[in-house]
Structure formats: C-alpha cells, structure tokens
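The values are calculated or read from the model by the stated rules, or taken from the named source; none is laboratory data. All figures in this text were calculated on a predicted structure; none of them were measured in a lab. Here Cβ is always computed from backbone atoms with ideal geometry, including for glycine, and neighbour counts include all displayed protein chains.
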Amino acid sequence: MILGTGIDFIEVARIEASFQKFGERFLQRILRPAEIAYCLSHKRPAPFLAARFSAKEAISKAFGTGIGAELGWQDMEVGRKASGEPFVILHENGQKLLQERGGRIVHLSLTHTDQHASAMAILES
C-alpha cells in the first residue's frame, strides 16, 4: 500500500551557485560522504548534486514532513545499484520515521538534464 508520494523539480544552476559560493560546507550539509564522492567523480557535478537535493526533498514530501526537525538532510542518502538504479538509505530520524509510518521501503526515481533535476519518491508499506 502506498503511504505517501513526493516529487521535486529544481534548476541545476541554483545548486551549482550554492556549491560555488559555499563549497564543501554546502556539500556536507545536504549530502553524506558517499554521495559527495559520487557527485564529485563527474566532470560537471552540478546535475548530480541537484538530483540528490531533489531526491531528498521528494523523500521528505513522501513522509509528509518536509526537511526539518523530523527529517533532516543527513537522515536520507541516495545510493546506486551496480545497474545505476538509485535507492534510498535511511539513517537515524529517517529510519525512525519509516517505522512510525508503518513503511517498508521508499522507492525513488531521478532524472536530470544540464538545466533541471527532478525526483519522485513513493513510501510503501
């Protein structure tokens, strides 16, 4: 059963500007170490950074909380299977919230171009 859905759409330039202005501090605020390493492994990391930013927004919407005290940036992580398929890893408050909502899994889909990134998340029991 679907418990919640979330979607987000963002301009890559917005994330690129934040990264250029705040650098590592920005990355460490919104991403976990493996996510940072993956994004920075690309020649132009901005679309990959934006996709993960969008993913975390979509996940927080699927939980019905938004990003804040109940579910923070570091409570969620976007992993990648060998096939390239993204998947959600929940930490601390994310794992707690999943249990409280009676959830079993969060499905995730990402897409990006040079200009935009989007993500959709589905919380399933």
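Here are the numbers for the structure shown:
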read-out	value
Residue in the stretch 91-125 that is surrounded by the fewest Cβ atoms within 10 Å (Cβ to Cβ), counting only those that are of a type in the set (D, E, K, R) and not in a helix (DSSP H, G or I)	Asp114
For Leu3: the one exception among (1) farther than 23 Å from His107 by Cβ; (2) over 14 Å from the mean Cα position of the chain (by Cα)	(1)
Test: Glu92 is touching a strand residue (DSSP E or B) at 6+ places or on another chain (Cβ under 6 Å) and modelled with pLDDT of 95 or more	no
Given (1) part of a helix (DSSP H, G or I); (2) touching a Phe, Trp or Tyr at 6+ places or on another chain (Cβ under 7 Å); (3) hydrophobic (A, V, I, L, M, F, W, C), number of the condition Ala17 does not satisfy	(2)
Residue identified as acidic (Asp, Glu) and under 14 Å from the mean Cα position of the chain (by Cα) among Glu35, Glu70, Glu11	Glu35
Residue identified as of a type outside the set (Ser, Thr, Tyr) and in contact with a Ser or Thr (Cβ under 8 Å, 6 or more places away or on another chain) among Ala51, Ala37, Ala82	Ala51
Flag for Ile122 being β-branched (Val, Ile, Thr) and touching a His at 6+ places or on another chain (Cβ under 7 Å)	yes
Some residue of the stretch 91-104 being touching a helix residue (DSSP H, G or I) at 6+ places or on another chain (Cβ under 8 Å), within 18 Å of Ser18 (Cα to Cα) and not acidic (Asp, Glu)	no
Matching residues, the stretch 72-90, being of a type in the set (Asp, Glu), surrounded by 15 or more Cβ atoms within 10 Å (Cβ to Cβ) and not in a strand (DSSP E or B)	Asp75
Residues satisfying the stated conditions in the stretch 38-89, i.e. farther than 16 Å from Ser18 by Cα, touching a Phe, Trp or Tyr at 6+ places or on another chain (Cβ under 7 Å) and free of Cβ contacts under 8 Å to residues at least 24 places away in the same chain	His42, Ile67, Lys81
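Yes or no, residue by residue, for (1) surrounded by 19 or more Cβ atoms within 10 Å (Cβ to Cβ); (2) among the aliphatic types (A, V, I, L, M):
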| position | (1), (2) |
| --- | --- |
| Ala17 | no, yes |
| Gly23 | no, no |
| Arg29 | no, no |
| Ala34 | no, yes |
| Ser41 | no, no |
| Phe53 | yes, no |
| Ser60 | yes, no |
| Gly64 | no, no |
